[in-house]
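Colleague: Before I ask anything, let me first share the structure, which is written out below as C-alpha cells.
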Amino acid sequence: MKSTTLLTLGILFCICVFSQDKLVADTSKTFSYTEKMASFPGGQEGWRRYLMHNLNAETPVNHGAPAGKYTVIVQFKVCTDGSLCDIEAKNNPGFGLSEEAIRVIQKSGIWVPAEQNGRKVKSIYRQPISFMVEETKEDSPGNKRNN
C-alpha cells in the first residue's frame, strides 16, 4: 500500500498573564504563563519552518499507519539559559510518531527563555504536532492495478 503524508502543526498562541503583585520573579519555579513567553529564535514563523523542515513526514507511513490524522502533544521546559529539558509526549498515537516529535524538539537548539517581572524564568511549553496519512488513488478499493 502506497500512501502519502502531510504534516500539519498546531501552533500554540501564548497567553500572557501579568502579575502586578510580585516585584521579583521566583526563579526556582516553573511557570505555565509569563509576561514574556519562551520562544524559538525566529519566533512562531521560525518555529513552524523548523518543524516543517526537520520532522520526517513519512514516519507514519514507514510504520504502517492507515489513512488518518495523528496528533502528538509534546510538552517540555525551557530553562533560564534557553536549554530544553523534561521533553515528553503527553500522548502516543503509535507508529513512531511520539519518538519522531521528541527527536526533533530535542535537536531544536537554544531558545529565548521566558521572562517574569524582568527576570528569566523556567517555563512549560506544549506543542501539538499532527501527521496526516492520506490514501492515494492507487490505494482505493475500486482502483486496483493488475501486475
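Colleague: What ranking of GLU135, GLU115 emerges when the number of other C-beta atoms within 10 Å of each C-beta is taken as an exposure proxy, fewest first?
Modeller: Fewest-to-most ranking of GLU135, GLU115: GLU135, GLU115.
Colleague: Can you run phi through the Karplus equation (6.51, -1.76, 1.60; θ = phi - 60°) for segment 95-104 and list ³J(HN,Hα) in whole Hz, with x for Gly and Pro?
Modeller: Rounded to whole hertz, the list is 6, x, 6, 5, 5, 5, 5, 5, 4, 5.
Colleague: Under a plain spin-label model, where a point goes 7 Å from the Cα along Cα-to-Cβ, how far apart in nm are GLN106 and ASN91?
Modeller: 2.3 nm
Colleague: Enter the Cα centre distance for the pair segment 102-130 and segment 45-97, rounded to the nearest angstrom.
Modeller: Here the two parts' Cα centres lie 14 Å apart.
Read-outs throughout are calculated quantities, based only on the coordinates presented, and are distinct from any laboratory measurement. What you are looking at is a predicted structure, and each value in this text was computed from that prediction instead of being measured. Positions of Cβ are generated from backbone atoms using ideal geometry, with glycine treated the same way; all protein chains shown enter the neighbour counts.
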